[in-house]
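Read through the structure below, which is laid out as structure tokens, and then see the notes.
Please treat every number below as a calculation from the coordinates, not as lab data. It should be emphasised that the depicted structure is a prediction, and the values quoted were computed from it without experimental measurement. When we count neighbours, we look across all protein chains shown, and the Cβ atoms used for this are built from the backbone with ideal geometry, even at glycine.
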Amino acid sequence: LLLSLLAFAHTGLVAFGSQIHDLRSFSVSLASCFRFIFTGMRYEELRVAGDVLGPVYYIAFKLWMVLIVVRFFVAVILDSYRQVMQENRGGLALTFPPLSALAADV
């Protein structure tokens, strides 16, 4: 995540730093990219700053960050699931009774 943010901050600074206030210096650009993950970018500003590169930057940032955030979310869910299953290994099984009956019939 940090490496991706650094890359997008640098790219935004180089491509749009003179035209977009949120990307005027590296530190501001890095803080803005972190904020963009949660609040979103101003698409119109990027489109006006660059007819082709603006939309490409916007779409690439959104897709990449969504993929990373979803990956973290799934990792947390799977880790919690694994921990609960290990805790309940010797105790009660966490199953849905109709599914257990169906599995026994098959």
Would you mind computing, in nm to one decimal, how far apart the modelled labels at Arg35 and Ala7 are, each placed 7 Å from Cα along Cα→Cβ?
-> 2.4 nm
Potential extension, Val70-Ser18 segment - 0.36 nm per residue separation minus Cα distance | 15.5 nm
Beta carbons within 10 angstrom, averaged per residue: use that to sort the peptides 10-16, 83-89, highest first.
-> 10-16, 83-89
Given unit charges at Cβ for Lys, Arg (+) and Asp, Glu (-), the dipole magnitude of the range 1-56 about its Cα centre in debye, nearest 20, is 120 debye
